[in-house]
1. By the scheme Lys and Arg +1, Asp and Glu -1, what is the net charge of all other residues having a beta-carbon under 15 Å from that of G129?
2. Given all pairs of different Cα atoms, what value in angstroms does the Kirkwood hydrodynamic radius of the range 77-200 take?
3. Please list the non-local residues whose amide H lies under 5 Å from the amide H of G89, H modeled 1.01 Å from N, same-chain partners needing a gap of 5 or more.
4. From the backbone phi of the range 131-147, what are the Karplus-calculated ³J(HN,Hα) couplings (6.51 cos²θ - 1.76 cosθ + 1.60, θ = phi - 60°) in whole Hz, Gly and Pro given as x?
5. What FRET efficiency, computed as 1/(1 + (r/R0)^6) with R0 = 30 Å and r the Cβ-Cβ distance, is obtained for T115 and R169, rounded to the nearest 0.05?
6. What pairs from K57/K123; K130/K163; K123/K180; K6/K53; K112/K163 go past 19 Å between their alpha carbons?
7. Suppose R0 equals 35 Å. What FRET efficiency, 1/(1 + (r/R0)^6) with r the Cβ-Cβ distance, do K180 and R147 give to the nearest 0.05?
8. In the range 77-200, with Lys and Arg counted as +1 and Asp and Glu as -1 at Cβ, which of these residues, G158, N178, G89, has the Cα nearest the positive end of the dipole, that is, farthest along it?
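Here, each number is a calculation from the coordinates, and none is a lab measurement. Note that the coordinates shown come from a computational prediction; the quantities given were computed from them, not determined experimentally. Note: ideal-geometry Cβ built from the backbone for every residue, glycine included; neighbour counts use all protein chains shown.
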Amino acid sequence: MKELTKRQEQILRFIQGRQDSQGIMPTFREISAHFRFSSPNAALAHVEAIIAKGFLKRLPGRARSLQLAGQKSRARVVSIPIYGTIPAGNPVPAEQGEEGCVLIDVSTLGIKPTTRTFGLKVKGESMLGKCIINGDIAIIEHGVQPRHGDVVAALIDGEVTLKTFIMQRGKPYLRAENPKFPNLIPREELQIQGVMVALIRRRK
């Protein structure tokens, strides 16, 4: 195993520290900002070098999912990609891009992740009644038919939000779990992007 440069050692410690403190790998953008690189491409180049030297390894089947080479791999621990932030408040225009990954213990959460499982960072307070708070990570399963009362990631009239799916008299709407926020009735379109199957509380 080849030795790391001083900068590569610093980046590896940063990655390990972020995983230990938050349970999530930092993005190339976050690495770049922390070390004041000119662009995320510089962070990518350093990470690729660390992988080539055997100190990090990629997890199969997950783009940009990394694991420290010294970690013991357990079948129950899997990597879930995070696709940005979802409002638990007023809907906002849909934007989605991968922002790293989170490692989850399948046996603890009691779910069976698939290639359609992803995470979304929760922003807002409209779901407090479901104990979903700002900063949580909602684990979403795409392609699941929502049932009455499920928490869903939804695209409503072109904007995304996290709400409770309600079917009333054959018509669906989205219910907020905080009286300060209104329920959402689609004017034209309601698409369910996925059903929440687990929730991760971010450690501070």
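1. Details: positive: K130, K163, R175, K180; negative: E125, D136, D150, E177.
Around G129, the surrounding residues sum to 0.
2. Values: mean 1/r = 0.0693 Å⁻¹.
14.4 Å is the Kirkwood radius here.
3. S126, L162
4. Once θ is set to phi - 60°, the couplings for the range 131-147 become 6, 9, 10, 4, x, 5, 10, 8, 8, 10, 10, 7, x, 8, 6, x, 10 Hz.
5. 0.25
6. Working: K57/K123 31 Å; K130/K163 10 Å; K123/K180 15 Å; K6/K53 14 Å; K112/K163 22 Å.
The pairs that break the limit, which is 19 Å between Cα atoms, are K57/K123; K112/K163.
7. Numbers: r = 26 Å, r/R0 = 0.74.
Working from the Cβ atoms, E equals 0.85.
8. Going by the Cα projections, it comes out as N178.
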